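Working notes, beginning with the structure itself.
Since every read-out is calculated from the coordinates, none of them should be taken as a lab result. Everything quoted here is computed from the prediction, not taken from an experiment. Note that we place each Cβ from the backbone using ideal geometry, even for glycine, and neighbour counts take in every protein chain shown.
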Amino acid sequence: MSEFFHMGGYALYVWLSYGLALVILVVNIIIPMQRRKKHIAMIKRRLRRTPAEK
Amino acid sequence: MTASTSAIPQSVSVDKGLEVCNLGCSREDRELFSGLNFRLSSGHAIQIEGPNGSGKTTLLRMLCGLRLPDEGEILWNGRDISEERSAFLSNLSYIGHAHGVKGELTPLENLRVSQAMAARNNSLSLDEALERVGLFGFEDAPSRTLSAGQRRRVALARLLINPTPLWILDEPFTAIDIQGQKQIETMITDHVLNGGMAILTSHHPLDLSEDHLSSVKLCT
Amino acid sequence: MTNASLFNAFLTVLKRDLTLALRTRSEIANPLIFFIIVVSLFPLAVSPESGLLRTVAPGVIWVAALLSTMLSLDSIFRSDFEDGSLEQMLLSPHPMTVLVLGKVTAHWLVSGLPLILLSPLLGVLLFLPFEAMPALLATLALGTPVLSLIGAIGVALTVGLRRGGVLLSLLVLPLYIPVLIFASNAIATAAADLSIKGQLYFLAAMFALAVTLAPLATAAALRISLR
Amino acid sequence: MWSFFHRLASPKHFYQFAGRLIPWLGWSTLVLFIIGIYLGLFVAPTDYQQGESYRIIYIHVPAAWMSMFVYMVMAISGGIGLIWKMKMADVVASSAAPLGAAFTILALVTGSLWGKPMWGTWWIWDARLTSELILLFLYLGFIALQSAIEDRRTAANACAVLALVGVVNIPIIHYSVEWWNTLHQGATVTRFDKPAMATSMLIPLLTMFLAFKLYFGLTLLMRARVEILERERDTTWMKEMITESGK
């Protein structure tokens, strides 16, 4: 198994690129989620302050 | 928010002239005005009144096609102005708050430029036009040496050399002295009385009879 | 709107912009002085040794020409935007693309042409071989109009902004890269006494593309910025 | 079919439609990624020439392809927003820009990581990497222009013009960089194009291509929904939806 991680001597490059890819892909999913929560919370707060006129 | 329009005499020909149907505009998410309806036909003027920030200038810019309406449409002779752009523009003269007179050029040069840019020119000579707006003797001085009021008169002189039926003027009387205002007022009333159209934003009273003048009020 | 009055409008805009530029003479001189200063920085920064300077001369002259055109781009629409004459041009019945072409030609005459006339002097400063001088003039003659035309698109997009200067370079420089590649390479090839017909054809093709398409994009961008 | 697109033009329908689609997209992207990476790292044989380092292409090539693809999406949706005045097209274009920039950065870094063992330096002015770098400048210009203009509609229209001008220039830039590269580098440097791929190497690549595409769809819809939340926060339909479902 350790031979697998060794990647024939290129471990640094292969794992660095896969690691970076993972980071970029995950970050690009987390950011929208957090902004979504923030916006929904903001809208809710505004709704509580001005009761939605029926 | 809606605009109230005092009674506008319905002229005979239905679709001649400018017609605004259900015009609305919102800036960012603040609604400036909506549901605006009025018609302007030859021999009429409309004065647009409203407090600051009620969207008067934005309305004028929409009427001359500089800004697309958010809702509703503007028709010239029955056709939407964005379709018949150059036909509409050759019948329109617009003088905005920034009146477009180059400081480095003399009044004569400024007029010569706008003469070449217009579709049709009439026989009035440039000197005569400048004289009529009270700029006799200032023809060759660089415009930046003139006062703000004098510079605005150079812009108003443009109206005389390009005979377009529709005038759209944004606060035409700003920075102009009493005597000058008289001259410009007669200019506008003469234009309207012999069949022209004018839309202006100004609180200056125009001595036009009821069937030649109406007003559109924008309220916030 | 006969095309006589259209051509007349084009000429009027051209004459107007030229008189305006000639009346504020410093606006013409500054980019040229910048052009000379930037080129003379390289011998100080790199090395005064002629062999090295000769190899970098084409690239250095062209990068300096590019940057000095960037400097003078802002003057195409900025003053007209501020005093309202740009609005008047948008509201003229003549098609805006023709008027934009007039303004860009005036800008080129004021900024591009002096660059071309000045460049042999800078070629001498950087020991550019004599055979490469015609190539230098030819590439600048074909290239600087493209710089003005594409630059006009960037200026039209940023004319509404208070400080659009740096943003303008970020928008426009990537689009200048093809011209830079073919022009500086043409001069280097000419310095080695080889034929540069291919590069000049490419530059001419880019010029033709820019002359036809760029004014359309500039007119659309102006209409958007003046909303 | 046309009415489907027409309904998508309304923020309300787009928001709900995207909301239903996102879970499906999310799971299928995850599954595809797992398969692709498993195939790429475990199953694909080692390359006789480059050894294990060639496995980086399973990230680099799809990312490079996506960076071009996203710019096309931006230009097309910007164009639609400009011509037909569709607000949703502007939302799609502005949501796609940061994703495109992320893909370009990913392609650049993995490209230099892949090149390091071969050339011994972190960066080499190879034709493909240089075009990728210039594409990054185009993305940064787009994002900078978008944040510089306050009014949302003007910003969207201005960026649409920039994207259309950019998309016309991308092939010109690409071929002039290629031509410039052949002049200076000559053919000695091993060409960057994919070596004749054994099928066992090709399958992971195609899986990763698909995974990246679905991933792009997923994040684009997520970002677009957030943009709609921001733009439509005062509309009645948004308020009702928030109060009634709270999601």
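Assorted remarks:
- Between the amide H of residue B:17 and those of B:77, distances stay under 5 Å, these residues lying 5 or more places away or on another chain, with hydrogens modeled in the peptide plane.
- Computed FRET value (nearest 0.05) for residue A:38 with residue C:121, which takes r as the C-beta separation and R₀ as 56 Å: 0.40
- Relative exposure of C:201, B:94, D:15, judged by other C-beta atoms within 10 Å (fewest first): C:201, D:15, B:94
- Helix-only mean residue ellipticity at 222 nm for chain D, each DSSP H run of n ≥ 4 adding -39500 (n - 2.57), per residue, nearest 500: -28000 deg cm²/dmol
- The listed peptides B:149-162, C:8-21, ordered by packing as a protection proxy, come out as B:149-162, C:8-21 (highest mean of other Cβ atoms within 10 Å first).
- Taking a straight Cα-Cα cut-off under 19 Å and skipping sequence neighbours fewer than 8 places away in the same chain, the lysines within cross-link reach of residue B:56 are B:217.
- In chain B, Cα pairs under 8 Å separated by at least six residues give a relative contact order of 32 percent.
- Rounded if a/c under 1.5, otherwise prolate or oblate - chain D, Cα gyration tensor axes: oblate
- Largest mean-square fluctuation among D:214, D:135, D:202, in a Gaussian network model of chain D whose springs join Cα atoms under 10 Å apart, belongs to D:202.
- Taking each DSSP H run with n ≥ 4 as -39500 (n - 2.57) and averaging over every residue of chain C yields -29000 deg cm²/dmol at 222 nm.
- Chain lengthening between residue B:147 and residue B:83 when straightened (0.36 nm per residue, less Cα-Cα): 19.1 nm
- Pairwise centroid distance, computed over Cα atoms, of segment B:105-122 with segment D:126-188, Å: 41 Å
- In this label model, residue D:240 and residue B:140 are separated by 7.3 nm, measuring between points 7 Å along each Cα→Cβ vector.
- The length gained on full extension between residue B:49 and residue B:219, counted as 0.36 nm times the residue separation minus their Cα-Cα distance, comes to 60.4 nm.
- For chain D, the relative contact order is 33 percent, taking Cα pairs closer than 8 Å that sit 6 or more residues apart in sequence and dividing their mean separation by the residue count.
- Inter-centroid distance (Cα atoms) of segment C:1-45 relative to segment D:59-76, Å: 39 Å
- Within the shell of other residues whose beta carbon sits under 13 angstrom from the beta carbon of residue B:186, the net charge comes to -1, with Lys and Arg scored +1 and Asp and Glu -1.
- FRET efficiency, residue D:2 to residue C:197 (Cβ-Cβ, R0 60 Å, nearest 0.05): 0.75
- Normalising the average separation of contacting C-alpha pairs (under 8 angstrom, six or more residues apart) by the number of residues puts the relative contact order of segment C:3-225 at 26 percent.
- Helix D:152-185 and the longest principal axis of the C-alpha atoms of chain D enclose an angle of approximately 10°.
- Distance between segment B:28-74 and segment C:139-209 - C-alpha centres, whole angstrom: 43 Å
- Our analysis of the protein assembly as shown gives Rg over Rh at 1.03, with the two radii drawn from alpha carbon positions and Rh computed by the Kirkwood formula.
- Helix axis angle, C:3-23 relative to chain C longest principal axis, alpha carbon, degrees: 60 degrees
- FRET efficiency, residue D:121 to residue C:45 (Cβ-Cβ, R0 30 Å, nearest 0.05): 0.80
- Per residue of B:64-70, other chain Cβ atoms within 10 Å of the residue Cβ number 3 on average.
- Approximating the spin labels as points 7 Å out from Cα along Cα→Cβ, the residue C:36-to-residue B:174 distance works out to 4.4 nm.
- For residue B:108, net neighbour charge (Lys/Arg +1, Asp/Glu -1) across residues whose Cβ lies under 9 Å away: -3
- Taking packing as the residue-averaged number of other Cβ atoms within 10 angstrom, the listed peptides C:50-60, B:122-132 run from highest to lowest as C:50-60, B:122-132.
- Over chain B, DSSP H runs of length four or greater, each weighted -39,500 (n - 2.57), average out per residue to a 222 nm ellipticity of -8000 deg cm²/dmol.
- Taking amide H as placed 1.01 Å from N in the peptide plane, the amide H of residue B:26 sits under 5 Å from that of B:32, B:70, each at least 5 places away or on another chain.
- The aspartates and glutamates whose alpha-carbon is closer than 14 Å to the alpha-carbon of residue D:239, local same-chain residues fewer than 8 away aside, are A:53, D:230.
- Working ranking of peptides A:4-17, B:45-58 by packing, defined as the average number of other Cβ atoms within 10 Å per residue, highest first, is B:45-58, A:4-17.
- ³J(HN,Hα), Karplus 6.51/-1.76/1.60, whole Hz, each residue of segment D:83-93, x for Gly, Pro: 7, 9, 6, 8, 4, 5, 5, 5, 4, 4, 4
- Net charge in the neighbourhood of residue C:219 (other residues with Cβ under 13 Å of its Cβ; Lys, Arg +1, Asp, Glu -1) is +3.
- Cross-link reach is defined here as a Cα-Cα straight distance under 15 Å, omitting same-chain residues fewer than 8 places apart; for residue C:15 the aspartates and glutamates meeting it are B:104, B:109, C:80.
- The mean number of Cβ atoms from other chains found within 10 Å of a Cβ in peptide D:171-179 is 4, as a whole number.
- Against the main long axis of the alpha-carbon atoms of chain C, helix C:132-158 sits at an angle near 40°.
- Residue by residue, segment B:80-94 carries 3J(HN,Hα) couplings of 4, 5, 6, 7, 9, 4, 6, 5, 5, 5, 6, 9, 10, 10, 10 Hz when phi is fed to the Karplus relation 6.51 cos²θ - 1.76 cosθ + 1.60 (θ = phi - 60°); x denotes Gly or Pro.
- GNM flexibility winner over chain D from D:141, D:36, D:100 (Cα, springs under 10 Å): D:141
- Peptide A:42-48 has a mean shielding of 4, counted as Cβ atoms of other protein chains within 10 Å of each residue's Cβ.
- Simple label model, 7 Å out from Cα along Cβ direction - residue D:202 to residue D:46, nm: 2.5 nm
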